[in-house]
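Reading through the structure tokens given below for one structure.
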Amino acid sequence: MVIRKPVAKVFEAFIDPAITKNFWFTNGSDKLEVNKRVTWKWEMYNVSTTVVAKEIVQNEKILFEWGEPAKTVEFKFKTLRDGSTFVTVTECGYNKTGDELLAAIKDSTGGFTIVLDGLKAFLEHTINLNLVADKFPKELVQHGQQNGN
């Protein structure tokens, strides 16, 4: 995803929970630092996870582990000629196979697409679209109507 902001600003949006809460989780216990355990919360879903950064290369890469069993997520940042930033996300370490693996990959891809869409709206236009918060409305999830969408 192209974010029309300088790489330093885009990179910092993933390091600093005061910024990240505007497009992804609702609360982060601290900034990401290598080997530091931080907690990210999605208060609207009463969900949290522990995140441990394994590698941070300023304005180039953030690699962290999260979840049980732990999966590895890598964000890469590339400056484009016009000064905008191209962000890529990969997640690996699934312990599933077959259709379960395909479903997990689909869920991950969709989730990170929403995160990048929200990041783009927030950094480029200072708009919080509430994409993550609005993905699963409480009355639909509570009544079993989510259907994986």
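The values are calculated or read from the model by the stated rules, or taken from the named source; none is laboratory data. For clarity, every value in this text was computed on a predicted model and none was experimentally measured. Neighbour counts run over all protein chains shown; Cβ positions are idealised from the backbone, glycine included. Surface accessibility is based on the protein's heavy atoms, side chains included, excluding ligands, DNA and RNA. Shrake-Rupley method; radii C 1.70, N 1.55, O 1.52, S 1.80 Å.
Packing-based ranking of 1-8, 95-102, 124-131 yields 1-8, 124-131, 95-102, ordered from highest to lowest mean Cβ neighbour count within 10 Å. With the convex hull constructed from alpha-carbon coordinates only, region 20-149 shows a mean projected area of 9.0 nm² over all directions. Across every direction, the projection of the convex hull enclosing the Cα atoms of region 1-71 has a mean area of 5.1 nm². Simple spin-label estimate for A103 and F86 gives 3.4 nm between the two label positions (7 Å along the Cα-to-Cβ direction from each Cα). Placing S108, S29 in order of accessible area, with the largest value first and a 1.4 Å probe, yields S29, S108. The dipole here belongs to the chain: it is taken about the Cα centre, uses +1 on the Cβ of Lys and Arg and -1 on the Cβ of Asp and Glu, and is about 320 debye. Full extension of the segment from T126 to M1, taken as 0.36 nm per residue of separation minus the current Cα-Cα distance, would add 43.3 nm. The slack between T113 and T72, meaning 0.36 nm per residue of separation minus the straight C-alpha distance, is 13.1 nm. For D107, the accessible area of its heavy atoms, probed at 1.4 Å with every protein chain present, is near 110 square angstrom.
Multiplying the residue separation of K21 and K54 by 0.36 nm and removing their Cα-Cα distance gives an extension gain of 9.8 nm.
In the context of the full set of protein chains, residues of the chain present 59 Å² of accessible surface per residue (probe radius 1.4 Å, heavy atoms only).
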